[in-house]
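Visitor: Supplied in structure tokens, the structure appears directly below.
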Amino acid sequence: MREGTYKKIMVATDGSVLVKKAVDMAIGISMLSRAKLYAVYVLVPMTHPVRGFGWEQAAIDHFRKEGETATLSVKKAAKAAGVEVEPVLLEGHPADKIIEFAEQNDIEMIVVGTLGKTGIDRFLLGSVAENVVRHSKIPVLVVRGEVPEE
């Protein structure tokens with residue numbers, strides 16, 4: 001890869017160890033191309049809010065904190081590698097928000113992690129990575145994560 005290939009790269013994170021390889025890859029490419037890295041976490045809105053118990057706000061606060069922790073982790077790793085990074089929290093359907101943010105901010109590459117599930121597992125769980133790949137006009141690098149051994 002020649003220096004200066006990309007100026008803006010985005011990595012989608014959920015804070016799990018399963019996206020670590022994708023984050024590492026995004027940081028490496030950003031470092032080599034001297035690109036700014038955007039660490040994006042998407043909060044999924046509650047579909048069936050429970051009113052009157054305070055649970056809705058507690059859940060929102062929990063997931064916002066989780067997003068802040070996830071993007072801060074990427075920021076720390078990127079800074080250690082000398083990469084400029086901007087944490088971003090979005091709210092909505094993850095694949096849609098990832099694509100929308102990338103298009104609105106002139107992102108040149110989207111990096112996402114995946115478990116590489118197939119068959120019924122993929123059908124039941126859905127795949128943010130698959131939806132991003134199918135609908136993005138921007139190049140997408142999909143990095144298969146590793147399930148930690150127990």
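The values are calculated or read from the model by the stated rules, or taken from the named source; none is laboratory data. Keep in mind it's a predicted model, so treat the numbers as computed, not measured. As a convention, Cβ positions derive from the backbone with ideal geometry for all residues, glycine included, and neighbour counts pool all protein chains shown. Surface areas here come from the heavy atoms of the whole protein model, side chains and all, with no ligands, DNA or RNA. Shrake-Rupley method; radii C 1.70, N 1.55, O 1.52, S 1.80 Å.
Visitor: Does Lys97 fit the bill of being out of contact with any Phe, Trp or Tyr (no Cβ under 7 Å at 6 or more places or on another chain) and free of Cβ contacts under 8 Å to residues at least 12 places away in the same chain?
Guide: Taking the combined requirement at face value, the residue does not satisfy it.
Visitor: When residues of the range 72-110 are filtered for being farther than 22 Å from Thr5 by Cβ and in a loop (DSSP other than H, G, I, E, B), how many remain?
Guide: 2
Visitor: Considering each of Ala102, Ala80 in turn, give the residue that is small (Gly, Ala, Ser) and open to solvent by 60 Å² or more (accessible area, probe 1.4 Å).
Guide: Of Ala102, Ala80, the one residue that is small (Gly, Ala, Ser) and open to solvent by 60 Å² or more (accessible area, probe 1.4 Å) is Ala80.
Visitor: Given the condition modelled with pLDDT of 95 or more, in contact with a strand residue (DSSP E or B) (Cβ under 7 Å, 6 or more places away or on another chain) and open to solvent by 80 Å² or more (accessible area, probe 1.4 Å), answer yes or no: does some residue in the range 58-65 qualify?
Guide: No; the residues of the range 58-65 include none that is modelled with pLDDT of 95 or more, in contact with a strand residue (DSSP E or B) (Cβ under 7 Å, 6 or more places away or on another chain) and open to solvent by 80 Å² or more (accessible area, probe 1.4 Å).
Visitor: Mind checking which residues of the range 31-42 are open to solvent by less than 10 Å² (accessible area, probe 1.4 Å) and either in a loop (DSSP other than H, G, I, E, B) or touching a helix residue (DSSP H, G or I) at 6+ places or on another chain (Cβ under 7 Å) (or both)?
Guide: Answer for the range 31-42, where residues must be open to solvent by less than 10 Å² (accessible area, probe 1.4 Å) and either in a loop (DSSP other than H, G, I, E, B) or touching a helix residue (DSSP H, G or I) at 6+ places or on another chain (Cβ under 7 Å) (or both): Ala35, Leu37, Ala39, Val40.
Visitor: From the list Ile27, Ile60, exactly one residue is touching a helix residue (DSSP H, G or I) at 6+ places or on another chain (Cβ under 7 Å) and not in a loop (DSSP other than H, G, I, E, B). Which is it?
Guide: Values: Ile60 fails: touching a helix residue (DSSP H, G or I) at 6+ places or on another chain (Cβ under 7 Å).
So the residue among Ile27, Ile60 that is touching a helix residue (DSSP H, G or I) at 6+ places or on another chain (Cβ under 7 Å) and not in a loop (DSSP other than H, G, I, E, B) is Ile27.
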